[in-house]
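Report on the following structure.
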Amino acid sequence: MGTDTVRAGSADEAAERRREQRGWYFYDWACSVYSTSVLTVFLGPYLTSVAKNAADADGYVHPLGIPVRAGSFFAYSVSLSVIVAVLVMPLVGAAADRSGRKKPLLAAAAYTGAAATTGMFFLGGDRYLLGGVLLVVANAAQSVGTMLYNSYLPQIAPPEERDAVSSRGWAFGYAAGALVLVANLVLYTGHASFGLSESAAVRICLASAGLWWGAFALIPLRRLRDRRSAAQETREPTAPGFRQLAATVRGMRRHPLTLAFLLAYLIYNDGIQTVISQASVYGSEELGLGQSTLIAAVLLVQVLAVAGALALGRIARTHGAKRTILGSLVAWAVILAAGFFLPAGAPVWFFVLASGIGLVLGGSQALSRSLFSHLVPPGKEAEYFSAYEMSDRGMSWLGPLLFGITYQLTGSYRDAIVSLVAFFVIGFALLARVPVRQAISDAGNPVPERI
């Protein structure tokens, strides 16, 4: 009977873990729509047009009395949102670890971001300042929410399951992004047949992302549960602002191999984020492709990223996460090198390139997240994932800088795009040197059989 009781308890525990994992996937399903429809497709051009409506005769708007060229307002707003997120994430992460109550903080971040995104429905006429404020709030809230969401991974999945669980989460996010983007594009392209102006259609698309985010965030908030470790009982009070960020970095210095992984991730992820942000510029300016082609390519990337995340997750089961990530970095470098030779005015080859990006995009990001989860000391999940999230969102400026400088010096977007190969070569070299088994052991975690 004793053995039967233990087996029943183990089965119940496994069932509860699966239920919690399924709930966790749905946060990616909820918030990824914001990244796809709002940031990637609709908000940049629309907010820029609103700012231009409010501009003076010289093309400037004046938020808080500061002269800003209308065409730069969106970029500056995104940059400000990153600064806000960098200041808030370590503070929230340390508070979450200290209290063990991540779920209320996740709820606050999710519904702050969802409310701000839904409020973009009222962004019309010359209300550029409202748009900037809503963008800063939504973008910062998404960063904080994603950090808290990621920090659940070591708690809901044992080491042998993390690659698969992380990959499924990314796949859910890309699937939701593709689904809503299709619906938005139907509404946008056929706005006249729905009796809507183009502006109204865009505002509905923006607001729908916020409603989607808020509705589906209910699922993880119902299924995830908070945990409090013994180490958290003695945690010191959270320091404010930059002091908490400095304290987090000082604490990470005790785990130099974890920092070594973060450095490698910062480099190659900078390359990934730059490809995502600059591919449309390359397609329109160098290859002469139209907006409809570029949007179709974004949708193709979203769809194939689902299959790519799941496929690389399965490959990691056999070959280990580190080797699979290294292989994906080789694929990234090959894709960019091939992009240099794409003929202008040939959308078919651009779609081939987008297909390659989609297949490696989700997997390289999902496996990086799961590998990092093994390197986090127990009880410091949110604090360490705040540093990871800052590497993901707050530090990706070197790539765009290199892209811009290369174009300025050569006048060629082909040279600019191929210059990004350096990030994947350097990231590969740095990651290859990290002894991940030792890093996992030094962090105080069990070492999986295959990593």
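Modelled spin-label separation between residue 330 and residue 425, with each label point placed 7 Å from Cα along the Cα-to-Cβ direction: 1.6 nm. Across segment 102-113, coupling constants 3J(HN,Hα) worked out from phi with the 6.51/-1.76/1.60 Karplus curve, θ = phi - 60°, read 7, 4, x, 5, 5, 4, 5, 5, 4, 7, 5, x Hz, and Gly and Pro carry x.
Each Lys and Arg adds +1 at its Cβ and each Asp and Glu adds -1 at its Cβ; summed about the Cα centre, the chain shows a dipole of about 1000 debye. Here is how the number arises for the chain: DSSP H runs of 4 or more residues each give -39500 (n - 2.57), the sum is divided by the residue count, and the result at 222 nm is -24500 deg cm²/dmol. Across segment 27-88, the fraction of Cα-Cα pairs farther apart than 19 Å, rounded to a whole number, is 42%. In terms of the mean number of neighbouring beta-carbon atoms within 10 Å, the peptides 79-85, 106-112 order highest first as 106-112, 79-85. Hey, if you drop one equal point scatterer on each alpha-carbon of segment 288-419 and run the Debye formula without solvent, what base-10 log of I(q)/I(0) do you get at q = 0.11 Å⁻¹? Each listed q corresponds, in turn, to -0.50. One decimal place: the segment residue 450-residue 211 gains 82.0 nm when fully extended, by the rule 0.36 nm per residue minus the C-alpha distance.
Surface calculation, 1.4 Å probe, protein heavy atoms: residue 39 sits at approximately 50 Å² accessible.
Using only the Cα atoms of the chain, build the gyration tensor, take square roots of its eigenvalues as a ≥ b ≥ c, and label the shape rounded, prolate or oblate: rounded if a/c is under 1.5, else prolate if a/b is larger than b/c, else oblate. In terms of gyration-tensor shape, prolate. Look at the dipole of segment 127-213 built from charges on Cβ: of 190, 175, 157, the Cα furthest out on the positive end belongs to 190. Taking all protein chains together and rolling a 1.4 Å probe, residue 26 ends up with roughly 50 Å² accessible. Mean separation of Cα pairs under 8 Å and 6 or more residues apart, divided by the residue count, gives segment 34-105 a relative contact order of 19 percent. Of all chymotrypsin sites (Phe, Trp or Tyr not before Pro) in segment 127-227, which ones are in loop regions per DSSP and have a Cβ with at most 16 other Cβ atoms within 10 Å? Passing sites in segment 127-227 are 194.
Note: relative contact order over the chain, using C-alpha pairs below 8 Å and six or more positions apart, is 24 percent. Residue-wise HN-Hα couplings along segment 200-206, as the Karplus relation 6.51 cos²θ - 1.76 cosθ + 1.60 with θ = phi - 60° gives them from phi, are 5, 4, 4, 5, 5, 4, 4 Hz; Gly and Pro carry x. Partners of residue 322 within straight-line reach, counting lysines whose Cα lies under 28 Å from its Cα and excluding those fewer than 8 residues away in the same chain: 380. Here the translational diffusion coefficient of segment 80-171 follows from Stokes-Einstein with Rh set to the Kirkwood radius across Cα pairs; for 37 °C and 0.692 mPa s it amounts to 226 µm²/s. Compactness check for segment 1-158: Cα Rg over 2.2 N^0.38 Å is 1.39.
FRET efficiency for the residue 115 to residue 19 pair, using the beta carbon distance and R₀ = 30 Å, is estimated at 0.60.
The values are calculated or read from the model by the stated rules, or taken from the named source; none is laboratory data. Treat the numbers as computed from the prediction; the structure is a model and nothing was measured. Note that we place each Cβ from the backbone using ideal geometry, even for glycine, and neighbour counts take in every protein chain shown. Just so you know, the surface numbers come from the protein's heavy atoms only, side chains and all, with ligands and any DNA or RNA stripped out. Shrake-Rupley method; radii C 1.70, N 1.55, O 1.52, S 1.80 Å.
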